[in-house]
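The values are calculated or read from the model by the stated rules, or taken from the named source; none is laboratory data. Quantities reported herein were computed from a predicted structural model and do not represent experimental measurements. As a convention, Cβ positions derive from the backbone with ideal geometry for all residues, glycine included, and neighbour counts pool all protein chains shown. In case anyone asks, the SASA skips ligands and DNA or RNA and just uses the protein heavy atoms, side chains included. Shrake-Rupley method; radii C 1.70, N 1.55, O 1.52, S 1.80 Å.
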Amino acid sequence: METFDIAVAGAGPAGSMAAYSASRRGKKVCLLERKITPGVPYRCGEGIGKKGLILSVKPKQEWLKNGISSASMISPAGIRVDIGNVETSYILDREVMDNDLVELAINAGTDFRKNFPVISIERNEKGNYLLKSPSETIQASCVIIADGVESRLARNLGWKTTLETQDIETCAFARVYSPEIENSRCLFYMGKDIAPGGYAWIFPRAQGEANVGLGISGTYSRAGKPYKLLLHFIKKHIPNARIEGLHCGGVPVTKWLRPLVKDGAMLVGDAARQVNCLNGAGIAYSLYAGKLAGKTAAEAISGGTVNYSHLKQYQKQWKKRFGKQQDHSYSLKQFIQCMDDPFLDKIALSLANENPKNINYLRVFTKTFAKHPLLLLKVIKLFG
């Protein structure tokens, strides 16, 4: 049985960053990935703000599929609000980025093993973690769990991972091709007939090519419903489009799991529920959490022993940088899920005639929560 200082389960952005961060500090690290190719299939719109990206990693130009300079929100009645004051954002090529992040970890000294599904994890009498695949078992002093929203491994170690129906969005995604797709504007559609309890999006990757998807609250979801709603949405808003790679998945829209650390085990990314609850975005959170967890784990291991108390610095620093922000987004999400279509139309109508250059996301949500002082304060803290 091979023994490592740190084992990372899952080679998405959070797991790869954790492995890289720990390896570059001289620790013996193993990165385990159940799939043959990381990042396939993509399970998001691939959108990220520039600030959130460069906070954790220096991006390669090949990762940046497209730059976004504006956005529009379309209400249930079709009232369009153009948002011209958008911070620099990108549509990523997740397949390229995820594979490059794995290479970054490998070049730092990580032992990467693909096609290695971890089917169980347990702790032995010496306090080490045993990660078992169908063919072999490895041992590690510390483990970083990055196996996604399903996270069976976190469940194995005693975390309560069950999500309430209103705290998960069931999503459908597709790559869509049509000459009608704009090149530099993201579109967001709302309404109970489009995506009940959520929204639909069109994120352009290039002229005539976009990631198109929608997420609906688990409260309204049924087997196959996101799939059917997405096909209907594409047919209506991008008629005669070519559709490729249509698939489904889940996105947690809840508070981050507490604690993030138990003994020598740490949670990162979707496994830790580290997602902005308003829009379901999680790439920036995952990159930061992975980098922070890997650094903290490396600092905690010395001479074959683990300083379990130091591992808790990961949760402390996460809470300070993004945790409180995520909690604010959860409170706002709960309110928005209760909004009916007439209310959304009313907000859109009040903004539709304003100069797009004066409208940003803060302006939109300030208008939405104007009559709710406590939530308005959370809006300011989230977007200000």
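Observations on the structure shown:
- Measuring between their Cα centroids, the range 103-117 and the range 320-384 lie 41 Å from each other.
- Springs join every pair of Cα atoms under 10 Å in this Gaussian network model of the chain, and among Ala154, Ala281, Ala206 the largest mean-square fluctuation is at Ala206.
- With protein chains left intact and a 1.4 Å probe, residues in the range 125-229 average 42 Å² of accessible area per residue.
- Listed pairs Lys132/Lys312; Lys126/Lys160; Lys65/Lys371; Lys192/Lys255 exceeding 32 Å between Cα atoms: Lys65/Lys371
- Top positive-direction residue, dipole computed over the chain with Cβ charges, set Phe369, Gly45, Ile181: Phe369
- Residue order for Ser141, Ser135 - accessible surface, 1.4 angstrom probe, largest first: Ser135, Ser141
- Check: the range 112-234 dipole with +1 on Lys, Arg Cβ and -1 on Asp, Glu Cβ, in debye: 260 debye
- Around the Cα centre of the range 1-90, unit charges on the Cβ atoms of Lys, Arg, Asp and Glu (plus for the first two, minus for the last two) sum to a dipole of about 220 debye.
- Taken one residue at a time, the phi angles of the range 52-66 give Karplus couplings (6.51, -1.76, 1.60, θ = phi - 60°) of x, 6, 6, 4, 10, 8, 8, x, 7, 4, 5, 6, 8, 5, 7 Hz. Gly and Pro are set to x.
- Computed per residue of the chain from DSSP H runs no shorter than four, each worth -39500 (n - 2.57), the mean residue ellipticity at 222 nm is -9000 deg cm²/dmol.
- The range 84-146 - percent of accessible surface contributed by carbon and sulfur, probe 1.4 Å: 40 percent
- Rounded, prolate or oblate (a/c below 1.5 giving rounded, otherwise prolate when a/b exceeds b/c) for the range 322-384 by Cα gyration tensor: oblate
- If you sort Leu157, Leu231 by accessible surface, 1.4 Å probe, largest first, the order is Leu231, Leu157.
- Across the range 117-125, rounded Karplus estimates of 3J(HN,Hα) from the backbone phi angles (6.51 cos²θ - 1.76 cosθ + 1.60, θ = phi - 60°) give x, 7, 8, 7, 9, 8, 10, 8, 5 Hz, Gly and Pro being marked x.
- Accessible area (Å², 1.4 Å probe, nearest 10) - Met73: 30 Å²
- Crossing angle, helix 324-336 versus the chain [Cα axis fit, 0-90 degrees, rounded to tens]: 40 degrees
- Positive-end residue of Pro356, Ser302, Gly323, charge dipole of the range 302-376 with Cβ unit charges: Ser302
- Calculated diffusion of the chain, Stokes-Einstein form, Kirkwood radius summed over Cα pairs, 20 °C and 1.002 mPa s, µm²/s: 100 µm²/s
- Protein-only accessible surface at a 1.4 angstrom probe places the residues Thr162, Thr296, Thr170, Thr219 in the order Thr162, Thr219, Thr170, Thr296, largest first.
- To the nearest 10, the accessible area of Lys255 is 100 Å² with a 1.4 Å probe.
- Its Cα centre serving as origin, the chain has a Cβ charge dipole (Lys and Arg +1, Asp and Glu -1) of approximately 880 debye.
- Rounded to two decimals, the Cα-based Rg/Rh of the range 8-140, with Kirkwood Rh, is 1.11.
- Reducing the range 1-71 and the range 160-198 to their Cα centroids gives an inter-centroid distance of 23 Å.
- Positive-end residue, the chain charge dipole about Cα centroid, Cβ charges, pick of Asn66, Gln337, Gly250: Gln337
- In the structure shown, the pairs Lys50/Lys291; Lys27/Lys114; Lys50/Lys381; Lys228/Lys378 are assessed against 25 Å; a Cα-Cα span above that value is assigned to Lys228/Lys378.
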